[in-house]
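One structure is given below, represented as structure tokens, and several questions about it will come after.
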Amino acid sequence: MAGHSKWANIKRQKAHVDAKKGNVFTKISREIIVAAREGVPNPEGNFQLRVAIEKAKAAGVPKDNIERAIAKGAGTLDGGNGLEAVRYEGYGPGGVAVLIEAWTDNRNRTAADLRAAFSKNGGNLGETGCVSWMFAQKGVVTITGKMDDEDQLLEASLDGGAESYGVLEAGETALVEVFTEVTNLEQLSQVLKNRGYGLTGAELRWIPGTTLEVTEPDQAKTLLKLMDALDSLDDVQTVTANFEMTDDLMEAIAVAQGG
């Protein structure tokens, strides 16, 4: 999981650049629409909506955009009812398993876009069920800041019902991901927040049960191009893969590609 977590972290760091293209605005707006549609259109009573709004604010999404997305989800403004959640699966270079979650109003368009992205980057779009059995969905809370006492973090995580945690970055601006069951995400988030930890995200994520080590530079480069190509599609909300890659190789490719 380390390699993919590193890739995800690089994507987070580049989010403010991508936001200028409107891609992040589109994805987060759809997240707000679906959260408001599937629960009450009030963040105080809807955890997923609250998380989506916080993510929108962090990305600089204008207040008007947020309010329009909530209205679409609530059905008081046209534009939200056509969206449906669809999961796609496929293989990247070297047989890496790729799981994609999309919200779309046109399945044919989304499938065609995904098929093109796969074929141009050494992979192929597969049939439903071909790789999803390799993944399990978990709740993930991301916290950042100085971690003076890891034992305190462990105690707080356990009190919140966490299953495990991983340190992505150490030091003054530590970055930690804490994992729990899907139904316990809100509880864990609240406990960590109450203990004084700075939460930067709370989401549902697919976690691979087994991983493939990628060491060959050309394969790694093509794989990361595929991940970027899939992630850049407006209909795509999340992209998860089961590869691992060293930080040095990951960063060398990011620098070479202008990341």
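The values are calculated or read from the model by the stated rules, or taken from the named source; none is laboratory data. Just so we're clear, the structure is a prediction, and the values are computed from it rather than from any experiment. For neighbour counting, all protein chains shown are included, and Cβ atoms are generated from backbone atoms with ideal geometry for every residue, glycine included.
Could you list, in sequence order, all residues of the stretch 222-253 that are under 17 Å from Ser119 (Cβ atoms) and either without any contact (Cβ under 8 Å) to a residue 60 or more places away in the chain or β-branched (Val, Ile, Thr) (or both)?
Thr222, Asp228, Val236, Val239, listed by residue number.
Same structure, new question: Find the helices (runs of 4 or more DSSP H) located wholly in the stretch 1-52 whose residues include 2 or more that are under 21 Å from Val86 (Cβ atoms) and modelled with pLDDT of 50 or more, and list them.
Numbers: elements: 2-13, 15-19, 23-38.
Counting at least 2 such residues, we get 23-38.
Test Thr200 against the criterion of being outside any helix (DSSP H, G or I) and either closer than 22 Å to Asp247 by Cα or in contact (Cβ under 8 Å) with a residue 24 or more places away in the chain (or both), and give yes or no. Break it down into steps so the answer makes sense when it comes.
Working: outside any helix (DSSP H, G or I): yes; either closer than 22 Å to Asp247 by Cα or in contact (Cβ under 8 Å) with a residue 24 or more places away in the chain (or both): yes.
Yes, satisfied.
Which of the following residues is out of contact with any His (no Cβ under 8 Å at 6 or more places or on another chain), of a type outside the set (S, T, N, Q) and surrounded by 20 or more Cβ atoms within 10 Å (Cβ to Cβ): Val40, Val24? Can you show your working first?
Numbers: Val40 fails: surrounded by 20 or more Cβ atoms within 10 Å (Cβ to Cβ).
Within the list Val40, Val24, the selection yields Val24.
Can you run down the residue pairs with Cβ atoms below 6 Å, 6 or more apart or on separate chains, where the first is in the stretch 155-172 and touching a residue at least 12 places away in the same chain (Cβ under 8 Å) and the partner is β-branched (Val, Ile, Thr) and in a helix (DSSP H, G or I)?
Close Cβ pairs (under 6 Å, with a partner that is β-branched (Val, Ile, Thr) and in a helix (DSSP H, G or I)) amount to Asp159/Val191; Gly160/Val191.
Still on this structure: From Gly171, Gly82, Gly161, grab the single residue that is under 28 Å from Lys193 (Cα atoms), out of contact with any helix residue (DSSP H, G or I) (no Cβ under 6 Å at 6 or more places or on another chain) and part of a loop (DSSP other than H, G, I, E, B).
Values: Gly82 fails: under 28 Å from Lys193 (Cα atoms); Gly161 fails: out of contact with any helix residue (DSSP H, G or I) (no Cβ under 6 Å at 6 or more places or on another chain).
That would be Gly171, the only listed residue that is under 28 Å from Lys193 (Cα atoms), out of contact with any helix residue (DSSP H, G or I) (no Cβ under 6 Å at 6 or more places or on another chain) and part of a loop (DSSP other than H, G, I, E, B).
Just the residues that are at pLDDT 90 or above and either surrounded by fewer than 19 Cβ atoms within 10 Å (Cβ to Cβ) or not assigned by TED's automatic domain parsing to the domain that holds Gly145 (or both), please, taken from the stretch 166-195.
The answer is Glu181, Val182, Thr183, Asn184, Glu186, Gln187, Gln190, Lys193, Asn194, Arg195.
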